[in-house]
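In what follows, a structure is listed as structure tokens, so that the remarks can point back to it.
Read the figures in this text as sums done on the coordinates, not as results from a lab. Because the structure is a prediction, the values reported are computed rather than measured. Reconstructed Cβ throughout: ideal geometry from the backbone, glycine too, with neighbour counts over all protein chains shown.
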Amino acid sequence: METARCPHLLENMSAYLDGEASAELCAEIERHLDGCEDCRVVVDTLRKTITLYHELPQPELHPEARLRLYKSLDLSEFLNS
Ligand SMILES: [Zn+2]
């Protein structure tokens, strides 16, 4: 079943979205996305998040806004770094 391959694909999704995946892996992921609604949602969400991240120059993100963003994403553990 296609769904059995989801975890493997999800592991490689960030590389895929960063353009670091091999052509072979890209093709495999895109083939899977054609038939897997769940993974499409994941990719769409990740892609939007990454786009937003790249479109927001870090210095322009107010520290309080960053704090709220991190908390809303439950990433507050990273705030200490
Ligand atoms: Zn899938």
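Take THR51 and SER22, extend 7 Å from each Cα along the Cα→Cβ direction, and tell me the distance between the two endpoints in nm.
Result: 2.9 nm between the two label points.
HIS8 to ARG66: extension gain in nm, 0.36 nm per residue of separation minus the Cα-Cα distance?
Numbers: separation 58, 0.36 × 58 = 20.88 nm, distance 3.11 nm.
Contour length minus Cα-Cα distance gives 17.8 nm.
Pull up all non-local amide H partners of ALA21: gap of 5 or more, or a different chain, and H-to-H distance under 5 Å with H placed in the peptide plane.
Placed amide hydrogens put TYR16 under 5 Å from ALA21.
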